[in-house]
Amino acid sequence: MKGFLLGLTSGTICLTCCAPILVPYLLGEGKNVRQNMFLLFRFMIGRLSGYLLFGVLAWTVNLFIGKGLALHDLLFGTVYLILAAILIIYGFFNKRSRCAAKTLAGLFQRLSSHSSSLLPLFFGLLTGMNLCPPFLLAFTEASATSSIGGSLWFFWNFFLGTSLFFLPIPFLGVLRRFEPLQIVGKLAAGILGVYYLYIGTTMIQGGVIQL
Amino acid sequence: MSKTSGALKQAFPQNSLLKSFFLVLPMLFLTAMIMSEGGKIPKNPLHLILFVIVYIFFNGMFFLMIYTGKTDRYRAILFTTLAASMVISFISNLIETRGSMALTGEDMISGNTPFCHMVIPMILIPAALTKTIIFPGSILEGFANVATMFVIWIGASLALGRGFCSWGCFFGGLEDGFSRLRRKPILKHIPLKWSYMPYAVLAVVVLTSTLALSPTYCEWLCPFKAVTEFVEITSFQVLVQTIIFVSLFVGLVVVLPILTKRRTQCGLLCPLGALQSFTNKLNVFEIRIDREKCVDCMLCAKACPTFSLDAKSIAKGRTRLSCTKCGKCVDVCPKNAIYFHVKGTPVGSGHDKSRLLFIYPALILLATFGSGTIKGALHRILLLVTTGSMIQ
């Protein structure tokens, strides 16, 4: 219950952390409300996986205490770099985008044709491992529990509480007939990718220095 | 009369000297009122001379717009002068009052940073959610406070729509000026996809500003910090931000406008421009294309500085949403097929009246923003000539 309430009270912050990635993605796909529901579902599965992964991590947090900060920066820096790479590929080299960089398009076409159904899952997983303030709070609360089951249960409830705030997002599908929005969504995803590339690089640099 | 000049004369309606003079009379009165702030004529001889020079400059350009029927040619002179004057006045003022263009932490905490219209898209959602303005400026007091700039922006948007970007924005004139340095472009083809980039930047800065509760565009991207003020470099992050905004300034405001003859910052980056495009829907003025006269020569699309005309929009007889109403397409059309139009009035007639109805408020906006700035810049230049320094 504590996790659920924490999720409810901090859901808007979680939403603002995930929305910069989720909104451009949904706009870029240009699907209707029903299809967006499925995309959101996959995104949420990915997000839940990220949360549960952290439930396990929270339980084993004592193992990290020695090199806590360095590992923390290296881990999250890597997560951000992966997220950045996926966003940049999706935004600027997507198979359906009319991009000037034609030489790279072929390579990414092949890659994205296989992974398009997994994209929302990846985005969900990687944003689920995002270091927003309520998530850190949940991490701290969960790490205080004595069993792995208790830790996972806490994150599951936290996930449920925050998920309620994502329910209106699929309604972006009503805008799907406006074709330029798909281009805008993809470009926005690419710009965010560049931003996360910077964040990831500086975090890894910080982690390496601390090691 | 040769065939060409005959065609030109037919293509561009010109007014007689007398008619032009009568049409300028209201502007003579209005600009006098604006520049004198309601009738206060400067008593200092130097200020009076500057007043007269700027007054003649504005009204001279307006007269030429009416007399020749050309809009963009004279607008561009005013607009570029405004931007160059803004840079001269602003930097001189900063150095005079603060000693540097760099903003320190204390400057930002004191809340005296002048509010810039580029911040507007970023502050709206955080203001609605948190009831705070995420900008280190004063809300009601001092130079360029948030409330004043906001009211001016709303008024300008209602009056001109995205015309604000070609008649009021004191940054756009820089690239407008650079885009006119070459006679022909070197880079001719820019894929239309990139013209959607400002909307993407708008989406990203709105979302990230809401997330971070800070104006992310100002921090990371705004190229005009290079000619106004910027954060003092005290960390690696600020160094990266500085490299980014200087690169964007050199690339999008100087180099690409010269190479493409387009306003690439306005057309490919500016998030306020993207937001401003939507105000075109509210505004009564628009640019229309007479499909019966149009021969699809595409000269207008090639000339449009903000990528607001393409084959699809021309076929529909309209511009794209991003049109800044600069009038360049109207000026270059050899068939007189493009015209200013007031929504709700009959299409295909009264072109010159619609144009007049638009350029009156447009020039008033330009005079409101520009007259004081140009006077200030002239004063600084005079100081430089007479004392060897722009700083008093």
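Residues are listed down the side, and each one gets a yes or a no for (1) surrounded by 20 or more Cβ atoms within 10 Å (Cβ to Cβ); (2) away from every other protein chain (no Cβ under 11 Å):
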| site | (1), (2) |
| --- | --- |
| A:L160 | no, yes |
| A:P170 | yes, yes |
| A:E179 | no, no |
| A:Q182 | yes, no |
| A:K186 | yes, no |
| A:A189 | yes, no |
| A:L211 | no, yes |
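Within segment B:361-379, the presence of a residue that is over 21 Å from B:T80 (Cα atoms) and either buried (at least 20 other Cβ atoms within 10 Å of the Cβ) or free of Cβ contacts under 8 Å to residues at least 60 places away in the same chain (or both) is excluded.
Scanning segment B:129-161 for residues that are more than 22 Å from B:C326 (Cα to Cα), β-branched (V, I, T) and in a helix (DSSP H, G or I) returns B:T130, B:V146, B:T148, B:V151.
For segment B:286-330, a residue qualifies if it is within 18 Å of B:V347 (Cα to Cα) and within 22 Å of the chain's Cα centre (by Cα), and the qualifying residues are B:E286, B:I287, B:R288, B:R318, B:T319, B:R320, B:K325, B:G327, B:C329, B:V330. Within this structure, B:F164 fails the test of being among the aromatic types (F, W, Y), touching a Phe, Trp or Tyr at 6+ places or on another chain (Cβ under 6 Å) and either in contact (Cβ under 8 Å) with a residue 40 or more places away in the chain or in a helix (DSSP H, G or I) (or both).
Considering segment B:293-310, the residues that are of a type in the set (A, V, I, L, M) and within 17 Å of B:R262 (Cβ to Cβ) include one that is surrounded by the fewest Cβ atoms within 10 Å (Cβ to Cβ), namely B:M298.
Residues that are more than 26 Å from B:L378 (Cα to Cα) and among the hydrophobic types (A, V, I, L, M, F, W, C) within segment B:13-47 comprise B:L17, B:L18, B:F21, B:F22, B:L23, listed in sequence order.
Residues in segment B:108-128 that are in a helix (DSSP H, G or I) and touching a helix residue (DSSP H, G or I) at 6+ places or on another chain (Cβ under 7 Å) were compared, and the one that is nearest to B:L269 (Cα to Cα) is B:M118. The condition of being more than 14 Å from chain A (Cβ to nearest Cβ) and free of Cβ contacts under 8 Å to residues at least 24 places away in the same chain holds for only one of B:V231, B:V284, B:V255, B:V227, that being B:V255. Among the residues of segment B:192-206, just one is within 7 Å of another protein chain (Cβ to nearest Cβ), at pLDDT below 90 and surrounded by fewer than 24 Cβ atoms within 10 Å (Cβ to Cβ), namely B:K193.
Yes or no: segment B:91-108 includes at least one residue that is crowded, with 20+ Cβ neighbours inside 10 Å and in the same structural domain as B:I391 (by TED's automatic domain parsing). Checking segment B:91-108: at least one residue is crowded, with 20+ Cβ neighbours inside 10 Å and in the same structural domain as B:I391 (by TED's automatic domain parsing).
Name the helices (runs of 4 or more DSSP H) wholly within segment B:231-306 that hold at least 1 residues that are among the polar types (S, T, N, Q)?
Values: elements: B:236-248, B:256-260, B:264-268, B:271-279, B:299-303.
The helices (runs of 4 or more DSSP H) meeting that bar are B:236-248, B:256-260, B:264-268, B:271-279.
Considering only segment B:176-187, I want to know if a residue exists there that is within 28 Å of B:R75 (Cα to Cα), touching a Phe, Trp or Tyr at 6+ places or on another chain (Cβ under 9 Å) and either more than 12 Å from chain A (Cβ to nearest Cβ) or surrounded by 20 or more Cβ atoms within 10 Å (Cβ to Cβ) (or both). Yes: segment B:176-187 contains one or more residues that are within 28 Å of B:R75 (Cα to Cα), touching a Phe, Trp or Tyr at 6+ places or on another chain (Cβ under 9 Å) and either more than 12 Å from chain A (Cβ to nearest Cβ) or surrounded by 20 or more Cβ atoms within 10 Å (Cβ to Cβ) (or both).
Step by step: first the residues of segment B:169-183, then only those that are in a loop (DSSP other than H, G, I, E, B), farther than 14 Å from B:L252 by Cβ and not basic (K, R), then the one that is farthest from the chain's Cα centre (by Cα). Which residue is that? Reasoning before the result, please.
Filtering segment B:169-183 down to residues in a loop (DSSP other than H, G, I, E, B) leaves B:169-171, B:179-183.
The next check asks that each one be farther than 14 Å from B:L252 by Cβ; those that pass are B:169-170, B:180-183.
Still in the running and not basic (K, R): B:169-170, B:181.
Details: B:C169: 3, B:F170: 5, B:L181: 18 Å.
The extreme case among them is B:L181.
B:V253 passes every criterion in (1) under 15 Å from the mean Cα position of the chain (by Cα); (2) among the hydrophobic types (A, V, I, L, M, F, W, C); (3) surrounded by fewer than 20 Cβ atoms within 10 Å (Cβ to Cβ) apart from (3). The set of residues from segment B:33-83 being free of Cβ contacts under 8 Å to residues at least 60 places away in the same chain and at positive phi comprises B:E37, B:G38, B:G39.
Okay, residues lined up against (1) at pLDDT 75 or above; (2) within 14 Å of chain B (Cβ to nearest Cβ):
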| site | (1), (2) |
| --- | --- |
| A:N62 | no, no |
| A:I65 | no, no |
| A:G68 | no, no |
| A:D73 | yes, no |
| A:V79 | yes, no |
| A:I82 | yes, no |
| A:A85 | yes, no |
| A:I89 | yes, no |
| A:S97 | no, yes |
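The values are calculated or read from the model by the stated rules, or taken from the named source; none is laboratory data. Everything numeric here is computed off the predicted structure, so don't read it as measured data. We place every Cβ from the backbone using ideal geometry, glycine too, and count neighbours over all the protein chains shown.
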